[in-house]
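Before any comments, here is the structure.
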Amino acid sequence: MISRAYHATLFALYQLCIMIGIVAMPLAIAARQAGFTLPVHRILENVEDAYEAAQH
């Protein structure tokens, strides 16, 4: 039961991170033109790794 809730929470968090990345894309483009990058990709990779590890 706990693993099912954990898996569902990780899935929701993963989907939320993807949505935030899509919504923040114009800000990320403007930031890149200003000379710095937003670390959204690192957050998404960490959540994706945790989600995949929970599936096994």
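The values are calculated or read from the model by the stated rules, or taken from the named source; none is laboratory data. Please read these numbers as outputs of a predicted model, since none were measured by experiment. The area values use the complete protein model at the heavy-atom level, side chains included, leaving out ligands, DNA and RNA. Shrake-Rupley method; radii C 1.70, N 1.55, O 1.52, S 1.80 Å.
Structural remarks
- Translational diffusion of the chain, estimated by Stokes-Einstein from the Kirkwood radius over alpha carbon pairs at 25 °C in a medium of 0.890 mPa s, is 199 µm² per second.
- Here the chain exposes an accessible surface that is 67 percent carbon and sulfur, computed with a 1.4 Å probe and the other protein chains kept in place.
- Percentage relative contact order, the chain, counting C-alpha pairs under 8 Å, at least six apart: 53 percent
- Accessible-area rank, largest first, for Leu10, Leu16: Leu16, Leu10, with all protein chains present and a 1.4 angstrom probe.
- Degrees, to the nearest 10: 2-23 long Cα axis against longest axis of the chain: 10 degrees
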